[in-house]
Amino acid sequence: MKAATNGAMVLVGLVAAAAALAVAPVLMPGGYSWISGTVSESAAQGVSGAWAARLGFVLFGLSVLALVPLKAASWGRAAAVFHTAFGAFMVAVAAFSHANPFGQPSDATEDLLHSIAATGMGFAFAFGVVARQVHQRQARFFDVVAVVASIVIPLSMTLWPEVDGMVQRVMFAISFIWYGNEALASQRREGGSMRELPREHRGAHDDHAPAERVR
């Protein structure tokens with residue numbers, strides 16, 4: 001039951017993060033376009049309203065970090081490490097902001113750290129999904145979509161910079177859906193196991209489930 005509750009909290013965090021990132025472009029100064037302007041630029045240095053995107057990054061990162069302990073056993077150790085790195089890099093993306101896209105003075109070191117974190121985040125997500133597939137010895141359709149998108153989308157951003165923001169937001173949407181599906185799966189699994197137990201044994205199951213998982 002605790003895992004189901006934690007899974008629900010992860011889902012709430014993911015929804016709140018997605019909402020913050022969706023609202024962020026509305027708070028940007030004139031001249032910003034969600035089609036060409038990246039998500040990172042909506043959280044850039046010296047930009048009014050950047051707090052919304054930064055909040056979205058933090059909530060997303062913390063939600064993934066909270067999800068990892070719930071899924072570590074089914075994901076496998078390597079995937080759990082990669083997804084932990086994704087969550088940490090996502091928080092770092094909020095801590096270190098992109099250079100100001102409107103020509104205002106910016107801290108070059110902070111911008112470099114942001115770029116490093118953003119790049120690491122992309123690799124961590126792709127490797128985490130692949131590692132999960134290897135551990136479970138199966139490739140779900142959406143896993144394949146996520147891995148292909150993590151390769152194709154950065155390339156398309158290089159080739160067609162005028163649609164950077166739009167294609168990057170597609171990648172964010174895919175990652176939100178992937179992690180949300182994992183959180184839902186955790187809830188369904190825990191809820192199903194509880195329904196299968198007789199009522200008189202459910203308390204005992206709750207008491208011993210953590211120990212069984214540790215073993």
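Taking only segment 133-155 into account, find how many residues are outside any helix (DSSP H, G or I) and over 15 Å from Ile174 (Cβ atoms).
Total satisfying the criteria: 3.
Of these, Ala99, Ala173, which one is surrounded by fewer than 18 Cβ atoms within 10 Å (Cβ to Cβ) and modelled with pLDDT of 95 or more? Before you say what the answer is, go through the steps one by one.
Values: Ala99 fails: surrounded by fewer than 18 Cβ atoms within 10 Å (Cβ to Cβ).
Only one candidate qualifies: Ala173.
Can you pull out every residue in segment 1-34 that is touching a Lys or Arg at 6+ places or on another chain (Cβ under 9 Å) and either of a type in the set (S, T, N, Q) or not in a helix (DSSP H, G or I) (or both)?
Across segment 1-34, the qualifying residues are Met1, Trp34.
Can you tell me which residue in segment 104-120 is surrounded by the most Cβ atoms within 10 Å (Cβ to Cβ), limited to those that are of a type outside the set (Gly, Ala, Ser) and at pLDDT 95 or above?
Filtering first and then ranking leaves His114.
So which residues in segment 84-132 are farther than 21 Å from Gly56 by Cβ, touching a residue at least 12 places away in the same chain (Cβ under 8 Å) and assigned to a loop (DSSP other than H, G, I, E, B)?
Across segment 84-132, the qualifying residues are Gln104, Pro105, Asp107.
Go through segment 144-157 and report how many residues are without any contact (Cβ under 8 Å) to a residue 24 or more places away in the chain, surrounded by 16 or more Cβ atoms within 10 Å (Cβ to Cβ) and within 17 Å of the chain's Cα centre (by Cα).
Selection size over segment 144-157: 2.
I need the full set of residues from segment 35-54 which are surrounded by fewer than 18 Cβ atoms within 10 Å (Cβ to Cβ) and not in a helix (DSSP H, G or I), in order please.
Within segment 35-54, Ile35, Ser36, Gly46, Ser48, Gly49 meet the criteria.
The values are calculated or read from the model by the stated rules, or taken from the named source; none is laboratory data. The structure displayed is predicted, hence computed values, not measured ones. We place every Cβ from the backbone using ideal geometry, glycine too, and count neighbours over all the protein chains shown.
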